[in-house]
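Data first, discussion second: the structure below is written as structure tokens.
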Amino acid sequence: MDLFLEQVLNGIGNGVVYASVALALVLIFRTTGLLNFAQGEMALFSTYVSWKLTTATDLPVLAAIGLSMAIGFVAGAVIERVLIRPVEEGRSPLNVVIVTLGMFLAFNSLAQLFFGTDPEVMPSPFPQGSVDVGSIRINKETIGLAAVLAVECILLYLLLQKTKIGLSIRAVASNPDSSRLVGINAGVMLMFGWALAAALGALAGSLVAGYENRGLDASLMQAVLVFALAAAALGGFDSPLGAVVAGLFVGVANALTIQYVDVLDGIELVLPLGLVLIVLLVRPTGLFGRRTVERV
Amino acid sequence: MALLELHDVSGGYGPVQVLHGLDLTVDEGEVAVVLGANGAGKTTLLRAISGIISSKGEITFDGKRLDGRRTEAVARAGIAHVPQGRGTFTELTVEENLRLGASVRRDGDVGADMRHWLEVFPRLGERRSQEAGSMSGGEQQMLAIARAMMGRPRLVLLDEPSLGLAPLITRDLFERLGQLNREDGLTMLVVEQNANLALDMGDRGYVLETGRFVATGPAADLKNDDAVRKAYLGF
């Protein structure tokens, strides 16, 4: 039983990371209707920026991550304006997908070019050690990571549901043409969506690199992106809540597979991704996604 | 005095020209009606005014040139456009839709207007926290109009408000629009296929055929014009 619970906690630790990258994917999907395949690699680059800021200066880790998020925020807005929008206007959405795939390769290569190919150690902003709850040992890092995700979710919810700018973002997502007709500058909202997603990615990447001494190298976000995409599909691409629940689910399912399903030794990825496939076959909009039904 | 003036306006989609040198005037406080069959260019005309498509020629609103300006700038200048198919934010609630209508305003007193329009359209009041997409076509059309009014516009462009509505609901809708014009002095430019209702409400009418105005004059005169009656009124 204890082993089971520890594996669940293990899975939650990873799941939190998948959830926060999935959140960024959902944020961009909701505002633009696009999947940003470069989300993970943008986060990788930002993570290197956090690492450089904290190791090359005496900036504390938290401040370095905050600064890197701010840089990511600006960079996300610039990327939307300079790389995405010119390709997007009036043409096939596939073009934008190709651009994000190009950015995937570009950001990965640029990170290696600027920061080298040797694995680096990213310090963790969380206290080390663990707390014992009954007979179970919980990493303080895991608790910290989960707390960050919880705060992130609450802030995102408040932003989207309770502020004027959040309402405008949802309006652009719902009907871009009508949002212009009521005087909303849809372009600014799209830039804001990308900026916010990039900042969230910077946070997720920086935390995952420091988590349990994972370390920092060019492959940091690739497996994470696969799981995050799976989580976003499972939760429903338009649902932030779905992204979080499904991210945790995928993380836990993966950890339990590794522990208990010996047949799949070495190919544990099959189980969580297989579960996603089954859910999507039964419910194509994902667990929390909404079916678009419209009366005319 | 003329609130909206178009002079020699042409435009279309890419290489396809739909509008050919249109002149049009809407005076403050009046209802101007554009009649025309499917494909005549009615919707394109409203899109040109709103800057959704680019156009050539002069568009003047309240003495200022509008042509070449972006859609959101036109909206902020005081023109509310209720598009064909209503353009409601279907995933958002009725109240959120109305709040968005006030996006163009700088002042904060949105609450009073919200209460006012929910009273004018009680059906919307009953459904204020319901998703707009779950309402009937007629209710959504009321919402689209109320949303437009939340921005306190000086001119409302209405694109086929009767489209897809049952005759009784259409009649009720036009009654309300007429009321808004008489009681609130709202200036409107209405594009309609339902020529009877539109001309009854309108002060001035234009007949659009393949991108050109073929007849124009006071609405009452158009209603008695033989050619217009045969082509659009069906008697």
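The values are calculated or read from the model by the stated rules, or taken from the named source; none is laboratory data. Note that this is a predicted model, so its numbers are computed, not measured. Note that each Cβ is placed from the backbone with ideal geometry, even for glycine, and that neighbours are counted across all protein chains shown. The protein model used for the area step is the full one, side chains on, heavy atoms only, and it has no ligands, DNA or RNA in it. Shrake-Rupley method; radii C 1.70, N 1.55, O 1.52, S 1.80 Å.
Each Lys and Arg Cβ is given +1 and each Asp and Glu Cβ -1; about its Cα centre, chain A then shows a dipole of about 1260 debye. Amide H contacts of B:THR187 (H built 1.01 Å from N, in plane; Pro and chain starts excluded): B:GLY29, B:VAL156 sit under 5 Å, all sequence-distant by 5 or more or on other chains. Going toward the positive end of the dipole of chain A, with +1 on Lys and Arg Cβ and -1 on Asp and Glu Cβ, which of A:THR142, A:ALA75, A:SER124 do you reach last? Value computed over the given set: A:ALA75. From the largest down, the range B:2-233 spans 46, 38, 32 angstrom on the principal axes of its Cα atoms. With each label modelled as a point 7 angstrom along the Cα→C-beta vector, the B:ASN224-A:TYR157 pair spans 6.7 nm. The 1.4 Å probe gives accessible areas that order A:LYS164, A:LYS140, B:LYS56, largest first, as B:LYS56, A:LYS164, A:LYS140. Quick check: at a probe of 1.4 Å, how many percent of the accessible area of the range A:13-220 sits on carbon and sulfur atoms? Answer for the range A:13-220 is 67 percent, counting heavy atoms of protein chains only.
The heavy atoms of B:HIS7 present about 100 square angstrom of accessible area, all protein chains included, probe 1.4 Å. If a/c stays under 1.5 just call it rounded; otherwise compare a/b with b/c (prolate if a/b is bigger, oblate if not). Do that for the range B:9-93, with a ≥ b ≥ c from the square roots of the Cα gyration tensor eigenvalues. Verdict is rounded for the range B:9-93. Charged side chains reduced to their Cβ positions (Lys and Arg at +1, Asp and Glu at -1) give the protein assembly as shown a dipole of some 520 debye around its Cα centre. Backbone geometry of the range A:138-149 corresponds, through the Karplus equation with coefficients 6.51, -1.76 and 1.60 at θ = phi - 60°, to 3J(HN,Hα) couplings of 10, 5, 4, 4, 4, 4, x, 4, 5, 5, 4, 4 Hz, x marking Gly and Pro. Taking 7 Å steps out from each Cα toward its Cβ at B:HIS116 and B:GLN130 produces label points 2.6 nm apart.
The mean sequence separation of alpha-carbon pairs under 8 Å and at least six residues apart, normalised by the residue count of the range B:101-235, gives a relative contact order of 17 percent.
Within the assembled protein chains, the solvent-accessible surface assigned to B:ARG147 is about 10 Å², based on a 1.4 Å probe.
Comparing each chain alone with all protein chains together (probe 1.4 Å, DNA, RNA and ligands left out), the residues of the range B:100-120 losing at least 40 Å² of accessible area are B:LEU100, B:SER103. Only protein heavy atoms count here, probed at 1.4 Å, and on that basis chains A and B bury about 2100 Å² of accessible area in total. Extension gain, A:LEU113 to A:ALA63: 0.36 nm times the residue separation minus the Cα-Cα distance gives 15.5 nm. Angle, helix A:270-282 long axis vs. longest principal axis of chain A, Cα atoms, 0 to 90°, nearest 10? The angle comes out at about 40 degrees.
The C-alpha atoms of chain A define a longest principal axis, and helix A:164-174 lies at about 80 degrees to it. The angle separating the long axis of helix A:2-32 from the principal Cα axis of greatest extent in chain A is about 10 degrees.
Comparing A:GLY15, A:GLY183, A:GLY116 in a Gaussian network model of chain A where C-alpha atoms under 10 Å apart are linked, the largest mean-square fluctuation is found at A:GLY183. Between A:LEU269 and A:SER219, residue separation times 0.36 nm minus the direct Cα-Cα distance comes to 16.3 nm. Computed over the alpha-carbon atoms, the protein assembly as shown gives an Rg to Rh ratio of 1.08, Rh here being the Kirkwood radius from the mean inverse distance.
Sorting A:ASP177, B:ASP159 by solvent-accessible area of protein heavy atoms yields A:ASP177, B:ASP159, largest first, with a 1.4 Å probe. The residues of the protein assembly as shown present an accessible area of 44 Å² per residue when probed at 1.4 Å with all protein chains retained.
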